[in-house]
Structure formats: structure tokens, C-alpha cells
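Working notes, structure below.
The values are calculated or read from the model by the stated rules, or taken from the named source; none is laboratory data. A quick note: this is a predicted structure, and the numbers were derived from the prediction, not measured. Using ideal geometry, Cβ is built from the backbone for each residue, glycine included, and neighbour counts are taken over all protein chains shown. Accessible surface is based on the protein model in full, side chains and every heavy atom, while ligands, DNA and RNA are left aside. Shrake-Rupley method; radii C 1.70, N 1.55, O 1.52, S 1.80 Å.
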Amino acid sequence: MYKCNSRRLQDSIEQFSQFGATINGGVTRLSLSNEDVLARDYFCKCCEELGMEIKVDDMANIYALLPGKKEVPPIVMGSHLDSVEKGGKFDGVLGVLTALEAIRTLKDNDVELDVPLMIVNFTNEEGARFDPAMMSSGVIASKFEKDKMLQSVDKNGITFEAALQASGYEGDQQHRLKEALAYIELHIEQGPVLEAKQLEIGVVQGVLGMVCYEITITGESNHAGTTPMSMRKDPMIVASKTMSSIHEQLRKIDEQLVFTFGRMNVFPNIHTVIPNKVTFTIDSRHQKPEVMQRVEEILNALPTEDMGCRIQPVKLWGRDTVMFDTKICDEIEMSCQRFGYSAHRMFSGAGHDAQYIASIIPSAMIFVPSIKGKSHCEEEETAFEDCAKGADVLLETVLTMQTKYSMGASYSVN
């Protein structure tokens, strides 16, 4: 077994955190921004120094290939370099940098493999600049239409197509990821479970299914001081009642169900005016389809009218639970056992590129603990020691898989 160089990995994390560094120790590195381009340039430089071959596809996904002795599909590792605004220095980039450290460790030990290894950096995973999230992996997996994605616009009116062309990273469609033995994505957990259980590695079995609804309550605007309470059609009061009712119903379904009222808009949003419309979203996630079905039944069974206001639920989007390859998950867990690292089988509540790539390439994920469960904020933190343990497990898993592949093992798309 080979152990990665923890100090070198820490140096890499700190180096990349300078691309878009914020004053409070976080990172703002929006997709295809100047900061993202600098990170991409440095990533390519690091890979070229290792003798890796760089290719870029038409969605600016970067692929760095370390050839093997055999001309067979590669084992792919990676994640993304872009961040949310005022995010942390681990989210996404850690998957790329642990893969880079794995390659460096192989080079340190003059290890030559039969199966090629590839590191991928997916473009616009966060969706923080351009909607939707996981845009480029979604295009690869035929979840999104490229032409529509090119027209996605950021808050400054710049299209994804324009940013792509300006970045210098618009490549060729023929370079898209198509065939691979497997895809393994290492990521911080972004939640509190591993730390709370005092466990070192999360073996991610899949990504939770989810639905997002927007509820619109339509009432009638009037003067806040002259309209008697009994004569009002106040959608804010109805929205409050509706949210409370939804909360009480959903919390009784299953203790593993999570749901969030994440966005609310009030119109006209003036303190002296009774609103005429209120909208709010409800995001709900669970691994079992029957639980998600029950959530939708409850939302679609809301009363159509209350206190003179009209209630209308609309489904914005949803996804089915994505299951990762069980054999790869087993390999990850066995790698943990060889190092003596504690492991925990779990699902991801957040979305990742792996959920789309899993539809075309056998995939799985590795989680390392997030301190206090914080992510998508400047306070995001993961112990460098835990990052190194994740890198150890990633490398050991890749080595085991390539050996078994040479002996005839195979993995499947779920």
C-alpha cells in the first residue's frame, strides 16, 4: 500500500485557495471567471509536469490522462474547481487535488500501471454563475441540451457561451468523456454525520432523490392601516399557515426525510401594503421513491383556497435517487479496512457530477468529514489529516481496481 504525501496535499489545497481568495479565508471562484481560468491553468501545469496528456472538450471540461501499459479505457478521478460565491477552499477542488496527489504518489514510487488513469475537472458544477448546477457533466450524460446551456446567463448578462469562448478553454466535442472503467469522486461530506459519529471515511452509495416545488399564494393588496382584518385576503398569513401544515405533515413521514423552505418572495414587498402574492419553495429529499411520492401527494393535495386566497403548487424539478456501483463501493470500504480507517456507508443529500456520470460510467464517491458540517461558506473546513486519509483510500481503491480489471473484473452502470 502507498500513502500519499499529506504535507504536499496541504500545500496544494492552500495554493489553489489563492485563486479567488476572500478576506475571510474562503474562496470565490465562479465558473469560467478569471479566477477559475487561473486555477485551470495551474492545474494543467501540474498535470503536464507529471507527464500527463491534457485534452479539453466543448464544455471546457479538462481531462488529464496518465497512459497505462495497455490501451484500455481509463479509471477516472476528479471533481470540479469552481466554487460558490464566498465558499470554502475544499468543496469540489479537493476531489481534483486528491486525484493529483494520487498520481504524484505513483510517480514518487515509480509505479507503472496497466490501466490508464485520468483526472477530470468538470465545468460549472456549482451552478453559482450559470444555471443549472452540474451543467457540463449533465451535457455529457445527455441530461441537458448543450444549445440551451450555452444560452444560460449570469447576473451580468454574460452567456455561458460568451464566457466559454473568452476563457480559452473551449475544446472539441470529440474529447468528451465517453468510455471509462470507473469514475470515483472524492468530496467533503458537506454535512455533520461523519464528524458526529467520529468516522473517517464515507462510502457513498448514491445521491438522494429530491423534488422542489414552488407554492404561490394569491390574495389582494390593500392599505395596511385602513383595511379591517376580517375583510382582508392576505396571502402572507395563508403562506404561514400552509408552511406550518406542510411541516407537520412531512415530519411524520420518515425521520430520514429532509425538507427545506428555502426561498420566499413577497409582492409588492412594502411594509404599508397588504401583499397580493407570496411564493415560497419547498425542497425535499429521501432515498426511497415511495417516500418522495408521499411528499408529492401531500403537496398536490393542498387546499386550492384559504381565507379568500388561491393556493397553487407547481413542481419546479426533481430527480430520482441515483445508486452508485456496489462493487466500487465495496472496493472503497476494503481500502479503508487495509489502512485501518473507519468507514460508514451513506447517501449524499447534495448533488454531484457523479450522479450524472453514473448513468454512463460505473461510479462511486468517497466522503471525508466536514468540521461542524459547514460547506458553501467561508467557514468550511476539513482537517488536512482527513484529506490525506481520503487520498490514501482513493489511491488504494484505484490500484486495487486496475489489478482486478487486469484479471477480468468489471463494473456496471446502475
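Below is a table of values for the structure above.
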| item | result |
| --- | --- |
| Rounded if a/c under 1.5, otherwise prolate or oblate - region 1-155, Cα gyration tensor axes | oblate |
| Nearest-10 value in Å² for the accessible area of S342, using the 1.4 Å probe | 40 Å² |
| Solvent-accessible area per residue for region 189-263 (1.4 angstrom probe, square angstrom) | 53 Å² |
| Length-normalised contact order for region 259-403 - Cα pairs under 8 Å, 6+ apart - percent | 16 percent |
| Net lengthening on full extension, E214/F339 (0.36 nm per residue, minus Cα-Cα) | 40.3 nm |
| Read-out percent of Cα pairs over 30 Å apart, derived from the coordinates shown; its label in [x] 49; [y] 38; [z] 46 | [z] |
| Residue-averaged 222 nm ellipticity for the chain, from DSSP H runs of 4+ at -39500 (n - 2.57), nearest 500 | -10000 deg cm²/dmol |
| Computed label-point distance, nm, for sites S142 and S406 using a 7 Å Cα→Cβ extension | 3.5 nm |
| Sequence of V322, V27 when ordered by accessible area, the most exposed leading, probe 1.4 angstrom | V322, V27 |
| Listed pairs K69/K89; K3/K69; K277/K374 exceeding 27 Å between Cα atoms | K69/K89; K277/K374 |
| Distance from region 43-108 to region 333-347 (C-alpha centre basis), Å | 23 Å |
| Linear extension gain, W317 paired with D110, 0.36 nm per residue minus alpha-carbon span | 69.7 nm |
| Kirkwood Rh, Cα atoms: Rg over Rh of region 327-375 | 1.00 |
| Neighbourhood net charge (11 Å Cβ-Cβ; Lys/Arg +1, Asp/Glu -1) for E331 | -1 |
| Electrostatic dipole magnitude of the chain [Cβ: Lys, Arg +1; Asp, Glu -1; Cα centre; debye, to 20] | 880 debye |
| Hits among aspartates and glutamates - C-alpha to C-alpha of K233 under 15 Å, sequence gap 8 or more where chains match | E220, E305, D306 |
| E248 paired with Q18, simple spin-label distance in nm, labels 7 Å along Cα-to-beta-carbon | 5.8 nm |
| Formal net charge of residues neighbouring M401 (Cβ-Cβ distance under 10 Å; K, R +1; D, E -1) | 0 |
| Region 124-198: C-alpha gyration tensor shape, a/c 1.5 cut-off, then a/b vs b/c | oblate |
| With every protein chain in place, region 183-224: carbon and sulfur % of accessible area (1.4 Å) | 46 percent |
| Between region 222-249 and region 172-220, the alpha-carbon center distance in angstrom | 36 Å |
| Order of exposure, largest accessible area first, which applies to S412, S230 with probe 1.4 Å | S230, S412 |
| DSSP beta bridge pairing in the chain, given as percent antiparallel to the nearest 5 | 70 percent |
| Relative contact order (percent, whole number), the chain, Cα cutoff 8 Å, 6+ residue spacing | 23 percent |
| Cross-link pairs beyond the 30 Å C-alpha cut-off, checked among K146/K197; K55/K107; K178/K327; K55/K146; K146/K327; K45/K70 | K146/K197; K146/K327 |
| Accessible solvent surface per residue of region 97-168, calculated while the other protein chains remain in place, 1.4 angstrom probe, Å² | 40 Å² |
| Relative contact order computed over region 68-222 (Cα-Cα under 8 Å; 6+ residues apart), in percent | 27 percent |
| Counted charge near Y42, where neighbours are those whose Cβ lies closer than 13 Å (Asp, Glu -1; Lys, Arg +1) | -4 |
